[in-house]
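This report refers to the structure that appears directly beneath it.
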Amino acid sequence: MSTMIAAAFLLALEADLTTLTFAPSQKDVAVASIADASRQRLRRVDIGGLVVRPTGEGKLEVVWEKEGGAEGERARVDRVIALLGHRHALRFQLVSESRARALNVPAETDRLRAHLEQNPGSDPRALEIPPTDDIEHRWLPSDSDRNELGWTLCEFDATAVFTNEDLKQTYVTVDQSGAPAIGFTIRTDRAEAFGEFTETNVHRQLAIVLDGRVHTAPTLEGRIDKQGVIHGGGAGFTSDEVKELRLALSTPSLPCELTFEGIK
């Protein structure tokens, strides 16, 4: 049964179902899970009568009661889009390092440079790189201050996966330079595993990857059991960005990207 709201404001979105794997008979279930994840994220926003509902074929509607004038509604639209416009999927990933004859990072970097020169504007994430000890290596886009190419080679280790699902709490703080940043604490049941992971990899770079992009990659100086800080990279976070990102990371990441279609 549809929820009816008088004097409603409606925002239309479309989910990118091509990035999800599900049986054709489970399509409605997949869309319902996207709506539920969106609902959880928006539940923390103070907007009266807010409802998220699937409308078929991967489309969603976000509806809420109109309050005040056009300026106030525009602010609410911007807030909803900011929260649902990105998956806010966080991963902690090690930056790849050379391993004897198995992986030569400088050589792979030279190969990447040649690829970009020969194929301007191409996406090098599809470049095949030999795995080491069953660990895959892929290029990820990164802030330009990390290297002149704008790409960082990262490990994809299925045995050591840490995401925003492992965060117990996020909060607004500042980094060592005084710029806005996000502090986090690790869930109690994951703290020991995260501590062992960071201790094993002391002196290596740990990439903070948000929605597939490396924002920063600090060197691990010691074991991290409970808490850390996410920096905004070279450009840094604005105060508004860090508030919205903290809010989004405190809920599960969206299963897929959502595209804003319009206002009704």
**OP:** Filter region 15-44 down to the residues that are surrounded by 14 or more Cβ atoms within 10 Å (Cβ to Cβ), outside any helix (DSSP H, G or I) and of a type in the set (A, V, I, L, M), then identify the one that is modelled with the lowest pLDDT.
**Re:** Leu20
Original post:
List pairs: first in region 64-77 and in the same structural domain as Arg53 (by TED's automatic domain parsing), second of a type in the set (Gly, Ala, Ser) and at pLDDT 70 or above, Cβ under 6 Å, 6+ apart or cross-chain?
Top reply: Trp64/Gly49; Glu65/Gly49
Subject >> Residue pairs meeting the criteria (Cβ under 9 Å; at least 6 apart or on separate chains; first loosely packed, with under 15 Cβ neighbours inside 10 Å, in region 177-189; second assigned to a loop (DSSP other than H, G, I, E, B) and of a type in the set (Lys, Arg)) >> reply: Thr188/Lys226
Original post:
What is the one condition in (1) in contact with a helix residue (DSSP H, G or I) (Cβ under 6 Å, 6 or more places away or on another chain); (2) modelled with pLDDT under 80 that His88 does not satisfy?
Top reply: (2)
Subject >> Selection from region 1-14 of residues that are of a type outside the set (A, V, I, L, M, F, W, C) and at pLDDT below 75 >> reply: Ser2, Thr3
**OP:** Restrict the check to region 245-260 and report whether at least one residue is touching a Phe, Trp or Tyr at 6+ places or on another chain (Cβ under 8 Å), in a loop (DSSP other than H, G, I, E, B) and among the acidic types (Asp, Glu).
**Re:** no
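In the set Leu94, Leu103, which member is crowded, with 19+ Cβ neighbours inside 10 Å, modelled with pLDDT of 90 or more and not basic (Lys, Arg)? First the steps, then the outcome.
Values: Leu103 fails: modelled with pLDDT of 90 or more.
Checking each option against the conditions leaves just Leu94.
Which residues, counting only those in region 155-205, are outside any helix (DSSP H, G or I) and among the β-branched types (Val, Ile, Thr)?
Keep residues of region 155-205 that are outside any helix (DSSP H, G or I), which gives 155-163, 167-187, 201-205.
Scanning region 155-205 gives Thr159, Val161, Thr163, Thr170, Val172, Thr173, Val174, Ile182, Thr185, Ile186, Val202.
Name the residues in region 114-145 that are of a type in the set (S, T, N, Q), without any contact (Cβ under 8 Å) to a residue 60 or more places away in the chain and out of contact with any strand residue (DSSP E or B) (no Cβ under 6 Å at 6 or more places or on another chain), would you? Step through it out loud before you land on a result.
From region 114-145, those of a type in the set (S, T, N, Q) are 118-119, 122, 132, 142, 144; that's our starting set.
Remaining after also requiring without any contact (Cβ under 8 Å) to a residue 60 or more places away in the chain: 118-119, 122, 132.
Within region 114-145, Gln118, Asn119, Ser122 meet the criteria.
The values are calculated or read from the model by the stated rules, or taken from the named source; none is laboratory data. In this text, all values refer to a predicted model and were calculated from it rather than measured experimentally. Because the Cβ atoms are built from the backbone with ideal geometry, glycine has one as well, and the counts that use them run over all protein chains shown.
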